[in-house]
Structure formats: structure tokens, C-alpha cells
Amino acid sequence: MEAKNSSDEKDKPPSSGLENSPIVETAHTETMSPESFLSSPKNGRSSVTQESFLHSMPQSGSPSATFQTKQATSQRTIEFRSRFFPGVTDAQWNDWRWQLRNRIQSLAALEKLLQLSESERTAIQQHMGPLPISITPYYASLIDPKNPRQPIRRTVVSVKDEFKFSPEESIDPLGEDGHSPVPGLVHRYPDRVLFLVTEICSVYCRYCTRSRMVGQNDTTLRFNPTQWEHAIEYIAKHKTVRDVLLSGGDPLTLTDGRLEWLLSRIRQIPHVEIVRIGTKVPVVLPQRVTPALVNMLKKYHPLFMSIHFTHHDELTPETADACKRLADAGIPLGSQTVLLKGINDNVSTMKKLMQGLLKNRVRPYYIYQCDPVLGSSHFRTSVKKGLDIIQGLRGHTSGYAVPSYVIDAPGGGGKIPLLPEYVQGWDGQDLILKNYEGKLFRYPDRFGGRKNSSKDSDNGGAC
Ligand code: SF4
């Protein structure tokens, strides 16, 4: 299949409208066109040189290139916009390139939006951590300006705890670099690969497992067409690979043209059956989910999308609209959620999130135990918390709303599912099971039960 350019419009980013914004710094406005953002030497990105990558971005205002929501915007976002971006038009606000250009990336910009705690201010001033600060204006509009404990604020604003390192932590907790046969590709499982296509995200999560590489200025971590070619060659040579997961960084920060180039090249490999995209963009930059993007994506089915959600505060009209667009394009949507201390580590928060996801046609897929990445101890919970949450969901709400709870085994052991102890043991041929209410039941496991009648469950007699 030949690479198709989804867009033939010229790359003319809109005027920023920043002259009317009280929060955006001049240097920022001068340098951050999306293309230069994705490849500017200032940011340590490599220039994309191959002809096939020179796809231009849709012109500002093109109906198919911007996110046009007819649904209500949350009151919080309306008030935020009128206070901090009073001169910005709807067209600008709903333009994903405008959102990227105006990301909040400095202490000065953040201080204009939020009352920072001493811990937040010190952490951002020190800026010694591996991960820069970056928040889209849209996502910033969801943040409580006065409460540093607000769940979603904690996920994107750094605090001093980020600089405390524990002995069990590592910069590469999943051992991805050790399972990387070519740069940017992780091959851990027999039939699938993780293809890291960019180091850029629109927002940087403070607990990111890949903080060693995302948002970095390290030129050795650059993602570029040559690297993509080597990864694609590897996939083509390995006929056992039937599933390719595009991740990063966030693949949806790439332009439509670059993403389509990747998808079309992967689709030319006969043994690749499915392609998946891992992204947080519909949550933090829903404006990116334009008609042009979904029209391009739906040419490459079967295509799945795993969306990184954290908290029900993220389920806004804008995100609902983005999910609807993707689902209407026939893309099965799943969610991935990291279990985070004080953010979503209780049954009621998770239930509200999972039920809200289903309403938005997103199937809850995974809850991850937070990986022991460097500086993550303030985010990590006990494993029992995760098990209690699954126990509080299973049977108490629709099965579709219950994701798998997994630990990604440190060092590269892969995802290992964890379940509360529903199987209590055998009593002869009877399997002893505990239901969601804690009641015990027998199942006559005639074809698999123990042939002798000796009880190997303490609970067998209770039924
Ligand atoms: S969006 Fe994903 S890759 Fe990017 S910072 Fe967050 S967790 Fe890391």
C-alpha cells in the first residue's frame, strides 16, 4: 500500500492570538510552531529530512482540520478562557496546534494560573527532574487553581517528592532498553512489538514510566525517519509479529502526514494483523481529534486505541466528543489507568471513572500498578489497594466496567494480572468459590476436580 497524504493544505499555523493572552511568554510564541516544536534543534529534536515526511499541516480554520464541538464546554473551561485567554477566538482555542504552541512550560506561566504551594514552586524552580513541565491550556482549565491536592493537578505539576529516590526505583523499571533489538522498538512478547515513534507528549505525567526518554533534550533519544525505517525493517523481517503498538511519547502529537506514513508502511507488512495506538491526547488535547485525523485513521483498520485516563474529572464534553469521533470511525477504544496514591486509589473514584468511560464508549482495559520509576514513591500504593478496587468493582457494576489489574513486572517480565482470591480451593471434586458478596459457593468441577475426597480448602465445609 502506498503512503497516502491525508492533507494537501499548506502549513500555515494560525496567528497565535497571544498578544491578548496575559500568561504566555514572548519567546514561547516566537518559536513554537507545531512543526518546529516537533523538530526544532532548540528542543534537541532532529530535523525530518526525507521527502515523504514533508507533509504539510492543514491550514488553520479548515473545517476538517479543527475540532468543532457542538456540545457544551464545561463551565470551568469557559471561565478559565475568559480570564486567562480573553482575546483568543473559538477557532484558536479549538485548534490543536494553538493548544500545543501555548502549552504551559515554565514557573512564570504556571504562577499566573495557579496558586502554587511551596513544594510545587521549589520543584519547578529546581527543575532537576528528568521530565519537563508541560500542560495544554485546555487541560490547565480543568485544574483547581487553589488546591494542590486536586487529583489531576498532582498528575502534571511536580512537587519536591519527585526528587526523592528509593532503592527499588529505576530509570527504566520495565527493562525496555534491554529488550530493544533496534532503537525505538521493544520486543518482549512473541507476537507483538512496542514501537516508540516520538519522544513528545502534549502533557507530561509526573509518574511516567518513560521519563528517561520523553521530553528530553538528549539527542541520542531522538526519534527520526531513519530510526522508523529500521524499526519497520525489523517488523517486516520477524513474521511472528502480528500486533504493533505505536507509543512513545504520544503518537497523536505527530502530524497527520507523519502518522499516516507510519501506518501505511506498517500496513504493507502482510503478517501484521492489528495496529494499536497508545495515547493520552483525547484526554489532554481533545482538539487534536479532528475529522481529518479520524478520516485518515479509519483507512488503516483493524486499528485499536488505548487511551490513558486517570480520573473522572477528565471526562469533559470535549473529551466525550473526541471519543465519539474515534468510536464512530470504528476504532475500538480501551482505557489504561495507572493506580496513583491520593488520586484514584479508592473504589468510588475508580467506579465513577470506569462507568464514565463506558458511557463514552471506552472499554476499561487495564489498571496498572504504578511502576517503580525514579521519584515515584509518592504516587505508589500497596498492591492490596489495587486488589481491593477490583473486588469493589467486580459484581458491583457491569463486567464491562471492570478492567484487568496488572503489574508490569520489573526488569521486563511483562504484564502479570492480579485477582482477588475468588478461588478458595477444592473439596473433593467441588471447587469452592467466593462471590462478590463474600459468600461461598460450590461448583461441581467434575472434569477437573480432585479425584480423592480430601479437602484442601479450609472453607470447604462452610458451604
Ligand atoms: S502521556 Fe504517556 S508517555 Fe507521555 S508523559 Fe504521560 S505517561 Fe508518559
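Tell me yes or no: at least one residue of the range 332-347 is more than 16 Å from the chain's Cα centre (by Cα), in a helix (DSSP H, G or I) and over 20 Å from Thr209 (Cβ atoms).
yes
Can Val244 be described as within 16 Å of the ligand (Cβ to nearest atom) and among the hydrophobic types (A, V, I, L, M, F, W, C)?
Working: within 16 Å of the ligand (Cβ to nearest atom): no; among the hydrophobic types (A, V, I, L, M, F, W, C): yes.
No; evaluated as a whole, the condition is false for this residue.
Sort out which residues of the range 354-368 are surrounded by fewer than 23 Cβ atoms within 10 Å (Cβ to Cβ) and touching a Ser or Thr at 6+ places or on another chain (Cβ under 8 Å), and write them in order of number.
Listed by number, the residues that qualify are Gln355, Leu358, Asn360, Arg363, Tyr365, Tyr366, Tyr368.
Check Arg276 against each of (1) within 16 Å of the ligand (Cβ to nearest atom); (2) assigned to a helix (DSSP H, G or I); (3) surrounded by fewer than 23 Cβ atoms within 10 Å (Cβ to Cβ) and name the one condition it does not meet.
(2)
Could you count how many residues in the range 223-271 are closer than 24 Å to Met213 by Cα and not in a loop (DSSP other than H, G, I, E, B)?
The total comes to 28.
Could you grab the pairs with beta carbons closer than 8 Å, sequence gap of 6+ or different chains, first residue in the range 277-291 and outside the structural domain of Asp95 (by TED's automatic domain parsing) and touching a residue at least 40 places away in the same chain (Cβ under 8 Å), second one within 14 Å of the ligand (Cβ to nearest atom) and of a type in the set (Lys, Arg)?
So the pair list comes out as Val281/Arg288; Pro282/Arg288.
Among the residues of the range 172-205, count how many are within 11 Å of the ligand (Cβ to nearest atom) and touching an Asp or Glu at 6+ places or on another chain (Cβ under 6 Å).
The qualifying residues number 1.
When you check Thr310 against the structure, is it in contact with a strand residue (DSSP E or B) (Cβ under 9 Å, 6 or more places away or on another chain) and either over 20 Å from Tyr368 (Cα atoms) or outside any strand (DSSP E or B) (or both), yes or no?
yes
Is it the case that some residue within the range 118-130 is away from the ligand (no atom under 13 Å from the Cβ), over 30 Å from Gly414 (Cβ atoms) and small (Gly, Ala, Ser)?
Our first condition is that a residue be away from the ligand (no atom under 13 Å from the Cβ); within the range 118-130, this holds for 118-128.
Still in the running and over 30 Å from Gly414 (Cβ atoms): 118-128.
If we keep only those that are small (Gly, Ala, Ser) too, we end up with 119, 123.
Within the range 118-130, one or more residues are away from the ligand (no atom under 13 Å from the Cβ), over 30 Å from Gly414 (Cβ atoms) and small (Gly, Ala, Ser).
Quick test for you: out of Gly356, Gly330, pick the one residue that is in contact with a helix residue (DSSP H, G or I) (Cβ under 7 Å, 6 or more places away or on another chain) and closer than 23 Å to Gln150 by Cβ.
That would be Gly356, the only listed residue that is in contact with a helix residue (DSSP H, G or I) (Cβ under 7 Å, 6 or more places away or on another chain) and closer than 23 Å to Gln150 by Cβ.
Of all residues in the range 351-374, which are part of a loop (DSSP other than H, G, I, E, B) and touching a Leu at 6+ places or on another chain (Cβ under 9 Å)?
Asn360, Arg361, Cys370, Asp371
From the list Pro132, Pro63, Pro22, exactly one residue is in a loop (DSSP other than H, G, I, E, B) and at pLDDT 85 or above. Which is it? Let's see the steps before the verdict.
Numbers: Pro63 fails: at pLDDT 85 or above; Pro22 fails: at pLDDT 85 or above.
The unique qualifying residue is Pro132.
State which residue is modelled with the lowest pLDDT when the search covers only the range 226-247 and only residues that are surrounded by fewer than 18 Cβ atoms within 10 Å (Cβ to Cβ) and within 23 Å of the chain's Cα centre (by Cα).
The residue in question is Gln227.
Inside the range 141-180, can you point out the residues that are in contact with a helix residue (DSSP H, G or I) (Cβ under 6 Å, 6 or more places away or on another chain), under 23 Å from Trp98 (Cβ atoms) and not in a loop (DSSP other than H, G, I, E, B)?
Residue satisfying the conditions is Ile152 alone.
Quick check: anything in the range 134-141 without any contact (Cβ under 8 Å) to a residue 60 or more places away in the chain and small (Gly, Ala, Ser)?
No: the range 134-141 contains no residue that is without any contact (Cβ under 8 Å) to a residue 60 or more places away in the chain and small (Gly, Ala, Ser).
Criterion first (surrounded by 23 or more Cβ atoms within 10 Å (Cβ to Cβ), at pLDDT 95 or above and more than 16 Å from Val281 (Cβ to Cβ)) does Ser348 satisfy it? Talk me through it step by step, then tell me what you get.
Details: surrounded by 23 or more Cβ atoms within 10 Å (Cβ to Cβ): no; at pLDDT 95 or above: yes; more than 16 Å from Val281 (Cβ to Cβ): yes.
So Ser348 does not fit the description; no.
Each row is one residue, and each column tells you yes or no for (1) at pLDDT below 90; (2) among the charged types (D, E, K, R).
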| residue | (1), (2) |
| --- | --- |
| Pro420 | no, no |
| Asp427 | no, yes |
| Lys439 | no, yes |
| Arg442 | no, yes |
| Gly449 | yes, no |
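Tell me yes or no: at least one residue of the range 330-339 is in contact with a Pro (Cβ under 6 Å, 6 or more places away or on another chain), surrounded by fewer than 22 Cβ atoms within 10 Å (Cβ to Cβ) and either modelled with pLDDT of 95 or more or over 19 Å from Arg242 (Cα atoms) (or both).
So far as the range 330-339 goes, no, none of its residues is in contact with a Pro (Cβ under 6 Å, 6 or more places away or on another chain), surrounded by fewer than 22 Cβ atoms within 10 Å (Cβ to Cβ) and either modelled with pLDDT of 95 or more or over 19 Å from Arg242 (Cα atoms) (or both).
Given the conditions (1) assigned by TED's automatic domain parsing to the domain that holds Ser74; (2) modelled with pLDDT of 95 or more, which single one is not true for Pro181?
So Pro181 meets the others, but not (1).
Which condition number in (1) buried (at least 19 other Cβ atoms within 10 Å of the Cβ); (2) more than 30 Å from Asp388 (Cβ to Cβ); (3) touching a Leu at 6+ places or on another chain (Cβ under 7 Å) is the one that Asp321 fails?
Asp321 satisfies all of (1) buried (at least 19 other Cβ atoms within 10 Å of the Cβ); (2) more than 30 Å from Asp388 (Cβ to Cβ); (3) touching a Leu at 6+ places or on another chain (Cβ under 7 Å) except (3).
The values are calculated or read from the model by the stated rules, or taken from the named source; none is laboratory data. Since the model is a prediction, treat every value here as computed from it, not as a measurement. Note that each Cβ is placed from the backbone with ideal geometry, even for glycine, and that neighbours are counted across all protein chains shown.
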